[in-house]
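Here is the structure we will look at, set down as structure tokens.
The values are calculated or read from the model by the stated rules, or taken from the named source; none is laboratory data. Note that the coordinates shown come from a computational prediction; the quantities given were computed from them, not determined experimentally. Methodologically, a virtual Cβ is constructed for each residue, glycine included, from the backbone with ideal geometry; neighbour enumeration extends over all protein chains shown.
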Amino acid sequence: MTENPVEQETHIVSSETPYQRENIEGEIKVDHRRDVTLLVALLKSPYQLDREKSSDYLGEIGDPGAVPALIEALNDPTISWLAAESLGKIGDTRAVGPLIAVLGSDEKWLRRNAAEALGKLHASFAVEPIIQLLSDKKHDVRQLSAWALGQIGDERAVPALKSLENDPDLKVQDAARVSITMINRKKNVP
């Protein structure tokens with residue numbers, strides 16, 4: 001059976017040595033208009049490095065056509081955190097529901113990146129689920145959740161953010177203070 005061009009290129013990238021693959025990846029990244037389809041196909045590569053790189057590159061490229069594949073990649077535990085980050089970079093609201101769904105993940109990096117992505121998306125539907133993350137055991141999850149709430153700018157988050165004034169981590173305290181200021185500024189803008 002004859003492979004289509006995407007399958008041929010996927011096979012080439014997957015079968016090369018890491019050094020050769022790095023050069024091919026560089027070419028893919030430069031010629032992204034033609035290769036978004038290839039990068040989406042690489043999200044299913046048997047090689048974790050291919051999946052990681054393609055998820056990262058898709059976020060940098062920012063093509064909304066990659067959103068469905070990146071949403072599906074939220075189910076791949078090896079790259080879910082990168083997929084969440086890339087969805088935030090692309091900024092397509094189709095990702096809001098799936099990102100909210102993964103906020104309860106056991107994986108710290110996924111919770112953290114999903115909250116950050118929802119902040120970038122200004123997803124007001126995510127305020128309550130993100131507020132729940134302000135009591136997360138991991139300080140960086142609390143920090144990025146506080147930051148996300150500031151980006152969203154919804155007043156409902158202020159009481160929860162104020163509760164972080166005595167957080168043991170100074171970065172969390174700072175993120176909460178900055179977010180409260182952002183929300184108050186947004187409220188006072190006519």
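What are the pairs with Cβ atoms under 9 angstrom where one residue, in region 38-61, is assigned by TED's automatic domain parsing to the domain that holds Asn113 and the other, located anywhere, is among the β-branched types (Val, Ile, Thr) and surrounded by fewer than 19 Cβ atoms within 10 Å (Cβ to Cβ)? Sequence gap at least six, or different chains.
No pair meets every condition.
Can you spot a residue in region 162-185 that is assigned to a helix (DSSP H, G or I), surrounded by fewer than 24 Cβ atoms within 10 Å (Cβ to Cβ), at pLDDT below 95 and among the charged types (D, E, K, R)?
Yes, because at least one residue in region 162-185 is assigned to a helix (DSSP H, G or I), surrounded by fewer than 24 Cβ atoms within 10 Å (Cβ to Cβ), at pLDDT below 95 and among the charged types (D, E, K, R).
Yes or no: Ile131 touching a His at 6+ places or on another chain (Cβ under 6 Å) and within 20 Å of Ala84 (Cα to Cα)?
Details: touching a His at 6+ places or on another chain (Cβ under 6 Å): no; within 20 Å of Ala84 (Cα to Cα): yes.
No.
Of the conditions (1) of a type outside the set (Val, Ile, Thr); (2) more than 16 Å from the chain's Cα centre (by Cα); (3) not in a helix (DSSP H, G or I), Ala157 satisfies every one except a single condition; which number is it?
Just one mismatch for Ala157, condition (3).
Under 9 Å between Cβ atoms, at least 6 apart or on separate chains: pull out the pairs that start in region 159-176 with a residue that is under 16 Å from Lys138 (Cα atoms) and among the charged types (D, E, K, R) and end on any residue that is assigned to a loop (DSSP other than H, G, I, E, B) and at pLDDT 95 or above.
Asp167/Leu134
Spot the failing condition for Ala148; the list is (1) small (Gly, Ala, Ser); (2) in the same structural domain as Asn188 (by TED's automatic domain parsing); (3) over 20 Å from Arg185 (Cβ atoms), and only one is missed.
(3)
Considering only region 137-174, how many residues are of a type outside the set (Asp, Glu) and closer than 21 Å to Gly91 by Cβ? Steps first, please.
Going residue by residue through region 137-174, those that are of a type outside the set (Asp, Glu) are 137-139, 141-153, 156-164, 166, 168, 170-173.
Those left that are additionally closer than 21 Å to Gly91 by Cβ: 144-153, 157.
Of the residues in region 137-174, 11 are of a type outside the set (Asp, Glu) and closer than 21 Å to Gly91 by Cβ.
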